[in-house]
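The values are calculated or read from the model by the stated rules, or taken from the named source; none is laboratory data. Since this is a predicted model, take the numbers as computed values, not measurements. All Cβ positions, even for glycine, are placed from backbone atoms using ideal geometry, and neighbour counts span all protein chains on display.
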Amino acid sequence: MTDRYASFVQSGAGRALVKRLGLPDPPRLRRHTPGDPLLPGPVLLGAATGSRLAEPVGKILAAAGVELPDPSAGTDATARYAALVYDATGITDSTELRQLYDFFHPQARSLLPSGRVIVLGTPPAECGSPRAATAQRACEGLTRSIGKEFGRGITAQLVYVTKAADPGTLTSLESTLRFLLSGRSAYVSGQVIRVGAGTAQPPADWDRPLDGQVVLVTGAARGIGAALARVLARDGAQVVALDVPAAGDALAAVANEIGGTAVQLDLTTPDAPTRLAEHLASRHGRVDVVVHNAGITRDKTLGRMDADRWDSVIDVNLSSQERINDVLLERALIPTGGRIVSVSSIAGIAGNRGQTNYATSKAGVIGLVDSLAPALNERGISVNAVAPGFIETRLTARIPLMLREAGRRMNSMSQGGLPVDVAETIGWLAWPATGAVTGNVVRVCGQSLLGA
Ligand SMILES: NC(=O)c1ccc[n+]([C@@H]2O[C@H](COP(=O)([O-])OP(=O)(O)OC[C@H]3O[C@@H](n4cnc5c(N)ncnc54)[C@H](O)[C@@H]3O)[C@@H](O)[C@H]2O)c1
């Protein structure tokens, strides 16, 4: 689906009109292309006094080929940066938050379009005192506001890094830093991401972070699922693409295009989990990554909703995920280092008129992540969810025009996301290098105002 308004705004005549009338001004977002440098310019890296992460982060960035100006050379008022990265772990009292202002205030206009702001902190629950926990929690207000204020496709995130992370090399943080700095995270902003102490396996080639991984994608015939299959295959995965038999032709086309295999299966049939498990066991002997993407909507206000609409949405969007997880885990088909990534929705966070069934199912997906992640942590399997906002697909094309325009514009990017934006985010959570991220729900919503 095309966003005609965004195309118009990016034309010469459109630009002039938008400026004159003060209309929303959707920027062209920087998206990832294999072979791209991580960033199109230098990174200004700063740290609060007594911080613990800036040094290893500097080494990671330098090894990734990022240009890091020497901070001791003083700040150049004319310099332009692709990212501002600030280590706030040393802040242990609200009076020390002033260091955030001192770093960011002079740089408020120094970022290039689609620039990145990343603040690194310590999880408040791990802080030694209420004051330190309070100060670390306060950082969230800064990043969320910068995301809304800076515009021009600039994103801002807070990353809480556990004190138990490997202090010397910080390999547990590297994949998250790379994702957030790159064009892969074009439509992710205002998020709080928690990096724990799990093991992370850096890839031989960061352009192929899923090399050799067997990945199942449900709902792969079209929309977000088809984009997912393409992105994961591009990143080196062997993709098993699943969809209903009625979507067989489209599914076969996607599987052929990416050199993957197609499984025609309705996830709601009683024998679907065992048939799927048998297929994966006989063809691959395992499945490293399970992406639960298949989903449906059957909208009606609650008073007008028949039981069938309720049942089908809960079954496809939530219960089928549970049944499949149970069988794949029982049969030990998801090995140590495996990944489960589920697709939720901001409707599951904010609720939505006419979507009690859908929002219940998608909030349930968040519950699944919350409950399963700790249970699977000791098996080295991570469980995370993404919560897309307004993504340009057939699903959102069906929304009435006025509501659709509101959904598209009510976010920090003034535009809808693309299926590839959700796919890139799921890809990052699926990488062997992202083993230290579990139990997270990451919104891919351009910092939508809904449920924020
Ligand atoms: N598009 C958005 O803006 C948006 C926003 C938030 C969340 N989501 C979620 O993202 C996911 C993908 O959405 P989309 O927009 O690509 O939708 P879509 O309707 O284009 O694709 C969904 C796919 O799931 C498949 N599917 C449905 N029921 C199935 C079943 N019983 N067994 C196997 N496959 C089945 C469909 O055949 C279809 O190919 C869904 O979970 C959706 O709820 C989408």
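Remark: pairs (first residue in region 342-358, assigned by TED's automatic domain parsing to the domain that holds Met305; second residue β-branched (Val, Ile, Thr) and part of a helix (DSSP H, G or I); Cβ separation under 6 Å; 6+ apart in sequence or on different chains) = Ser342/Val365; Ser344/Val365; Ser344/Ile366; Gly348/Ile366; Asn357/Val313; Tyr358/Val313. The residues listed here are Gly338, Gly260, Gly348; of these, the one that is small (Gly, Ala, Ser) and under 16 Å from Val383 (Cα atoms) is Gly338. Residues in region 298-320 include none that are closer than 25 Å to Val383 by Cβ and more than 15 Å from the ligand (Cβ to nearest atom).
If you go through region 399-413 and pick out every residue that is surrounded by fewer than 24 Cβ atoms within 10 Å (Cβ to Cβ) and within 16 Å of the ligand (Cβ to nearest atom), you end up with 10.
Listed by position, the helices (runs of 4 or more DSSP H) enclosed by region 389-452 that each have at least 1 residues that are touching a strand residue (DSSP E or B) at 6+ places or on another chain (Cβ under 6 Å) and more than 22 Å from Pro113 (Cα to Cα) are 419-430. Taken over region 175-209, residues that are closer than 24 Å to Arg379 by Cβ and either assigned to a loop (DSSP other than H, G, I, E, B) or more than 17 Å from the chain's Cα centre (by Cα) (or both) amount to 9. Residues that are assigned to a helix (DSSP H, G or I) and within 15 Å of the ligand (Cβ to nearest atom) within region 281-297 are absent altogether.
Looking at region 261-274, is at least one residue buried (at least 24 other Cβ atoms within 10 Å of the Cβ) and more than 10 Å from the ligand (Cβ to nearest atom)? So that I can check it myself, show each step before the final result.
Pass one, region 261-274, residues buried (at least 24 other Cβ atoms within 10 Å of the Cβ): none.
Scanning region 261-274, I find no residue that is buried (at least 24 other Cβ atoms within 10 Å of the Cβ) and more than 10 Å from the ligand (Cβ to nearest atom), so the answer is no.
To keep it simple, each residue is scored yes or no on (1) hydrophobic (A, V, I, L, M, F, W, C); (2) over 30 Å from Gly451 (Cβ atoms).
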site: Gly196; (1), (2): no, no
site: Gly212; (1), (2): no, yes
site: Leu216; (1), (2): yes, no
site: Leu242; (1), (2): yes, no
site: Val263; (1), (2): yes, yes
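Is it the case that some residue within region 98-106 is modelled with pLDDT of 95 or more, among the acidic types (Asp, Glu) and over 25 Å from Tyr187 (Cβ atoms)? So far as region 98-106 goes, yes, one or more of its residues are modelled with pLDDT of 95 or more, among the acidic types (Asp, Glu) and over 25 Å from Tyr187 (Cβ atoms).
For every residue, the table says whether it meets (1) surrounded by fewer than 20 Cβ atoms within 10 Å (Cβ to Cβ); (2) away from the ligand (no atom under 12 Å from the Cβ); (3) under 21 Å from Asp235 (Cβ atoms); (4) of a type outside the set (Asp, Glu).
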{"position": "Ser382", "(1), (2), (3), (4)": "no, yes, yes, yes"}
{"position": "Val386", "(1), (2), (3), (4)": "no, no, yes, yes"}
{"position": "Gly389", "(1), (2), (3), (4)": "no, no, no, yes"}
{"position": "Ala397", "(1), (2), (3), (4)": "yes, no, no, yes"}
{"position": "Gly417", "(1), (2), (3), (4)": "no, no, yes, yes"}
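With respect to Ala220, determine if the residue is within 20 Å of Ser182 (Cβ to Cβ), within 15 Å of the ligand (Cβ to nearest atom), surrounded by 20 or more Cβ atoms within 10 Å (Cβ to Cβ) and under 19 Å from the mean Cα position of the chain (by Cα).
No; evaluated as a whole, the condition is false for this residue.
Only a single criterion out of (1) farther than 20 Å from Thr297 by Cβ; (2) at pLDDT below 95; (3) buried (at least 18 other Cβ atoms within 10 Å of the Cβ) is not satisfied by Asn377, namely (3). Report yes if Thr92 is β-branched (Val, Ile, Thr) and either part of a strand (DSSP E or B) or in contact with a Cys (Cβ under 8 Å, 6 or more places away or on another chain) (or both), otherwise no. Yes. Just wondering, is there one or more residues in region 156-174 that are crowded, with 20+ Cβ neighbours inside 10 Å, modelled with pLDDT of 95 or more and in a loop (DSSP other than H, G, I, E, B)? Checking region 156-174: not a single residue is crowded, with 20+ Cβ neighbours inside 10 Å, modelled with pLDDT of 95 or more and in a loop (DSSP other than H, G, I, E, B). Count of region 65-91 residues, restricted to those that are surrounded by 12 or more Cβ atoms within 10 Å (Cβ to Cβ) and modelled with pLDDT of 90 or more, is 17.
Among residues of region 120-131 that are farther than 14 Å from Asp93 by Cβ, those with a Cβ under 8 angstrom from a residue that is loosely packed, with under 14 Cβ neighbours inside 10 Å, sequence gap 6+ or separate chain, pair up as Glu126/Lys163.
If you go through region 223-260 and keep only what is more than 7 Å from the ligand (Cβ to nearest atom), crowded, with 16+ Cβ neighbours inside 10 Å and on the phi > 0 side of the Ramachandran plot, you end up with just Gly236.
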